[in-house]
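A.B. asks: Before anything else, here's the structure in question.
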Amino acid sequence: MDLKKEVKNISELANIKIPVDKTEKFADEFGRILAYMDTISTIPLYKASDTKSVEHYTPLRKDEARIDYKPVRPSEGRYYRVPKVI
C-alpha cells in the first residue's frame, strides 16, 4: 500500500489541503495508526460474551394534556422572552 497516495486521496475526500512537504509526515502517522489497528484486530472477540448485560428501566410519566401557558408579549424591543424548557 502506498501511504503517500492514501494521504493524497484522504485529503481530497476531506477537502483538506496538505502541503507536499508534510505528506511524508502524514504517511508515517497513517502507517503507525494502521499498524496499531492491526494489533487491535488480533484481540479475540469470542470472549466478549463474558460481559454481563444490564437491563434498564426508565419510568415514564403518564401523558396528560395540560394548558399552563401565559400570554407572551415582546419584552425587549421586537424579541420575545420565553421560559426555559428543561
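The values are calculated or read from the model by the stated rules, or taken from the named source; none is laboratory data. Here the structure is a predicted model, which means the values were calculated and not measured.
A.B. asks: When the stretch 10-37 is examined, which residues are found to be of a type in the set (A, V, I, L, M) and under 22 Å from the mean Cα position of the chain (by Cα)?
C.D. replies: I10, L13, A14, I16, I33, L34, M37
A.B. asks: Could I ask something else about it? Quickly run through the stretch 41-70 and pick out the residues that are over 30 Å from K84 (Cα atoms), modelled with pLDDT of 70 or more and of a type outside the set (D, E). Steps first, please.
C.D. replies: Residues of the stretch 41-70 that are over 30 Å from K84 (Cα atoms), as a first pass: 41-55.
Checking which are modelled with pLDDT of 70 or more leaves us with 41-45, 55.
S41, T42, I43, P44, L45 - these are the residues of the stretch 41-70 that are over 30 Å from K84 (Cα atoms), modelled with pLDDT of 70 or more and of a type outside the set (D, E).
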